[in-house]
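S.K.: Attaching a single structure in structure tokens format; questions to follow.
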Amino acid sequence: MAFADRFTKTCWKKFHADRWNNQLFYVLRALHKSAASKALEIPAPGEEAVSDRMITPADVGEKTRIKTLKEMPGPSTLSNLIEFFWRDGFSRIHEIQMDHRKKFGKIFKSRFGPQLVVSVADRDLVAEVLRAEGVAPQRANMDSWKEYRDMRGRSTGLISAEGDDWLKMRSVLRQLIMRPRDVAVFSDDVNKVVDDLINRVYSLRAQQSDGATVLNVNDLFFKYAMEGVAAILYECRLGCLEENIPQKTKEYISALNLMFSSFKMTMYAGAIPKWLRPVIPKPWEEFCLSWDGLFKFSIIHVDKRFTEIKAQLQRGEEVKGGALTHMLINKEMSLEEIYANVTEMLLAGVDTTSFTLSWASYLLAKHPHIQQQIYSEVAQTLGPGTVPTADDITNMPLIRGLVKETLRLFPVLPGNGRITQDDLVVGGYFIPKGTQLALCHYSTSLEEENFADATDFRPDRWVRKDVTDRVDNFGSIPFGYGIRSCIGRRIAELEMHLALTRLIQKFHIRMSPLTTDVQAKTHGLLCPAEPINLQFIEREK
Ligand code: HEM
């Protein structure tokens, strides 16, 4: 390979994006590196002549000619910069996705200076990409996450790890929490958290003059989701739903909020070059501070459980427990790897679940007749006052449809990423190994050819008419697909199904006069742009 070619590739490795589904990174890198790359005349990966590569256009007829990235349509760098910096595109990434899909088609490229991202906005092409994945797919470059971990001597977890490290941890965790029956055993633990959620609804309603409204339901669901994930992962209760939250839990919530609220800032942490940190220190400092807080909390809880297990073993007692106990006893992962994994899982599992619960409640309130249909299903399946278990959920297709439909209309991750590990041909274009792909889940979810009356809220579209009926659809894959898909999917579903069933059983969920139409905005995740206030009116017993 020519020296220039090798040099180009080495440079490109450095340019790769840092965080999944976030284009901010690309823009920032573009800003401080574009001048250098211009001077060096470095082409984007795949924009070199195709004839330099293994597949050549001449190999196939002109009609089915494989096109180069150069020929791929897409917005210009300038229009992207204007869109993101002048028009706050960061909070409208989902809308921009739709807009670009309309303008440029199923596959298009976006260039932020030297960084090239190929967006795939078509159900079948997304399926093609994900089905072609190798054994250890890569989502995005995680340099800043890894840098923090190296600096503090910490391990990577499932989100930040790659290659063999990732494979090893994934195979351990897969056996513990991936299958519905593995998490079904946590029904009782989660139901205790749901009891607290219901009690909290009663006490929050009582604080309002109408005796019915819960202000900003996401705050409530955030605490529920955190308590629920922790009950499963740490095997203990944190007290998030209590009137007086314990100090350590409060500190953790602050760390999580800092991570979330300073999202844009922490994105700069990976984008601003190290030599600029003394001049602009805040992003990196906040990034490290958030991680310090998150790790500190996990370490306390993992160590606590470890000490209990050791004491039980010393007393010759049988040790029983859940996922954490299993990890600590089996020692398939080091203690550092366990710290990192529970930290990353808690981070991944709280906002995702709470936003989905907020949207689901909002959609129920907006569609009282659909809420009534779901209530009828719940009442007929469970009978009055029965507390549902995971097994009952299998007999309530509309509850499952409610969650699927909510995630179709409001996919918490509106887009996902992959770095191609082999040369690929997608949608007739040659995509070289090492290209950052953006899979546009938001736009495929709202595509009319994938879902009839796509903007309508119809949980029953997910209900199978008979055993041969297939309602799965690559247009909506909110948990991803394949070997690198969401490991916490079954935990999230259990928490959401049990909570929504009990809320629907107990209350009519109504819009509060304080809330009208709530739009979505992207803030890393797709979240409500303003607080959702809802009334919870007790059903007649
Ligand atoms: C509504 C709730 C949730 C949604 C929509 C969601 C969605 C996703 C998506 C789209 C991915 C990327 C998948 C891919 O790249 O193909 C992911 C990854 C991940 N999620 Fe979730 N998630 C949710 C809840 C949870 C929960 C509760 C946990 C933990 C208990 C969790 C832990 C993780 C982890 C660790 C990964 C990285 C997996 C890996 O790289 O191997 N998630 N999630």
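S.K.: Filter segment 130-145 for residues that are touching a Lys or Arg at 6+ places or on another chain (Cβ under 9 Å), closer than 16 Å to N416 by Cβ and not small (G, A, S) and give the result.
M.R.: L130, E133, P137, Q138, R139, N141, M142
S.K.: For segment 151-175, what are the residues that are among the hydrophobic types (A, V, I, L, M, F, W, C) and either surrounded by fewer than 18 Cβ atoms within 10 Å (Cβ to Cβ) or within 11 Å of the ligand (Cβ to nearest atom) (or both)?
M.R.: Hits for segment 151-175 are M151, L158, I159, A161, W166, L167, M169, L173.
S.K.: Against the condition modelled with pLDDT of 90 or more and over 16 Å from L503 (Cβ atoms), how does E242 come out, does it pass?
M.R.: Yes; evaluated as a whole, the condition is true for this residue.
S.K.: Inside segment 445-461, can you point out the residues that are surrounded by fewer than 17 Cβ atoms within 10 Å (Cβ to Cβ) and more than 21 Å from L398 (Cβ to Cβ)?
M.R.: Residues satisfying the conditions are E448, E449.
S.K.: Let me ask something else about it. Residues of segment 171-197 being assigned to a helix (DSSP H, G or I) and farther than 15 Å from H497 by Cβ, which ones?
M.R.: Scanning segment 171-197 gives S171, V172, L173, R174, Q175, L176, I177, D182, K192, D195, D196.
S.K.: Could I ask something else about it? From A206, A255, which residue is away from the ligand (no atom under 13 Å from the Cβ), surrounded by 19 or more Cβ atoms within 10 Å (Cβ to Cβ), without any contact (Cβ under 8 Å) to a residue 60 or more places away in the chain and closer than 24 Å to S358 by Cα?
M.R.: Going through A206, A255 in turn, just one is away from the ligand (no atom under 13 Å from the Cβ), surrounded by 19 or more Cβ atoms within 10 Å (Cβ to Cβ), without any contact (Cβ under 8 Å) to a residue 60 or more places away in the chain and closer than 24 Å to S358 by Cα: A255.
S.K.: Can you tell me which of (1) under 22 Å from the mean Cα position of the chain (by Cα); (2) within 17 Å of V129 (Cα to Cα) is the one F457 doesn't meet?
M.R.: Tallying (1) under 22 Å from the mean Cα position of the chain (by Cα); (2) within 17 Å of V129 (Cα to Cα), F457 fails exactly one: (2).
S.K.: Here's something else I'd like to know. Taking the conditions exactly as written (free of Cβ contacts under 8 Å to residues at least 40 places away in the same chain and hydroxyl-bearing (S, T, Y)), does S361 satisfy them or not?
M.R.: no
S.K.: Being within 16 Å of the ligand (Cβ to nearest atom) and within 16 Å of V214 (Cα to Cα) is the filter here, so list the residues in segment 339-380 that pass it.
M.R.: The answer is S354, F355, L357, S358, W359, A360, S361, Y362, L363.
S.K.: Considering only segment 310-323, state which residues are part of a helix (DSSP H, G or I) and away from the ligand (no atom under 12 Å from the Cβ).
M.R.: Selection gives K310, A311, Q312, L313, Q314.
S.K.: Please verify whether segment 218-233 includes one or more residues that are in contact (Cβ under 8 Å) with a residue 40 or more places away in the chain, touching an Asp or Glu at 6+ places or on another chain (Cβ under 8 Å) and β-branched (V, I, T).
M.R.: There is at least one residue in segment 218-233 that is in contact (Cβ under 8 Å) with a residue 40 or more places away in the chain, touching an Asp or Glu at 6+ places or on another chain (Cβ under 8 Å) and β-branched (V, I, T).
S.K.: Still on this structure: Could you tell me which numbered condition K250 fails, if it satisfies all but one of (1) of a type in the set (K, R); (2) more than 18 Å from A492 (Cα to Cα); (3) modelled with pLDDT of 95 or more?
M.R.: (3)
The values are calculated or read from the model by the stated rules, or taken from the named source; none is laboratory data. Not measured: the values here are computed from a predicted model. No Cβ is skipped: glycine too gets one built from the backbone with ideal geometry, and neighbour counts run over all protein chains shown.
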